[in-house]
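Notes follow once the structure below has been shown.
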Amino acid sequence: PFDQDADPVHVTGSAIVVGPRGVMLLRHKRLGFWLQPGGHIDADETPWDAALREAREETGLDVRFAGDWPRLVHVDVHPGGRGHTHLDLRYLIDGGDAHPAPGSDESQEIGWFDWDAAVVRADDDRLRAALRSLRPTS
């Protein structure tokens with residue numbers, strides 16, 4: 001289930017990156033949607049390690065798990081590219097408060113959004129629902 005080439009239905013890992021500045025979202029380079037960092041799982045990698053790796057690659061930040069262990073906060077099923085279906089496991093990731101610095105091969109449209117703005121900016125109903133449920137209460 002973790003190998004994108006073995007089956008058209010496979011697990012992916014993504015990161016809900018949070019910090020004192022709110023939630024980090026990026027505009028996906030190919031899809032054009034505002035989403036959380038994430039992607040396919042590499043060989044011999046767990047979904048939570050993939051989420052952490054993808055968050056580091058796509059944000060340029062030294063991110064870590066929010067808490068003592070990987071916290072799965074949302075599961076989403078959606079169509080992927082080339083006829084695939086993604087079973088996306090979304091983990092809560094601490095992004096600190098630094099400004100994102102993605103590499104040149106990653107999306108440059110990325111930033112921190114306060115929780116309300118992130119809910120509005122997210123281009124996916126299921127992500128918006130997840131952000132609403134995770135939003136801290138004041």
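When restricted to residues that are touching a residue at least 12 places away in the same chain (Cβ under 8 Å), outside any loop (DSSP other than H, G, I, E, B) and not charged (D, E, K, R), the stretch 79-108 contains 9. Does residue 36 satisfy the condition of being more than 20 Å from residue 133 (Cβ to Cβ) and out of contact with any Asp or Glu (no Cβ under 6 Å at 6 or more places or on another chain)? The answer is no for residue 36.
If you check 47, 79 for being within 13 Å of the chain's Cα centre (by Cα) and either farther than 15 Å from residue 130 by Cβ or not aliphatic (A, V, I, L, M) (or both), only one passes: 47. Selection of the stretch 38-65 for residues being in contact (Cβ under 8 Å) with a residue 24 or more places away in the chain and out of contact with any Gly (no Cβ under 9 Å at 6 or more places or on another chain) yields 43, 65.
The listed residues are 26, 52, 31, and the only one of them that is assigned to a loop (DSSP other than H, G, I, E, B) and either closer than 22 Å to residue 123 by Cα or open to solvent by less than 40 Å² (accessible area, probe 1.4 Å) (or both) turns out to be 31.
Given the condition without any contact (Cβ under 8 Å) to a residue 24 or more places away in the chain, of a type in the set (Val, Ile, Thr) and either within 12 Å of residue 13 (Cβ to Cβ) or surrounded by 13 or more Cβ atoms within 10 Å (Cβ to Cβ) (or both), answer yes or no: does some residue in the stretch 115-124 qualify?
Yes, the stretch 115-124 has at least one match.
Checked against (1) of a type in the set (Gly, Ala, Ser); (2) over 22 Å from residue 56 (Cα atoms); (3) not in a helix (DSSP H, G or I), residue 111 passes all but a single condition, namely (2).
The values are calculated or read from the model by the stated rules, or taken from the named source; none is laboratory data. Small disclaimer: the values here were computed from a predicted structure and weren't measured. With ideal geometry, Cβ positions are generated from the backbone for all residues, glycine too; neighbour counts draw on all protein chains shown. Surface accessibility is based on the protein's heavy atoms, side chains included, excluding ligands, DNA and RNA. Shrake-Rupley method; radii C 1.70, N 1.55, O 1.52, S 1.80 Å.
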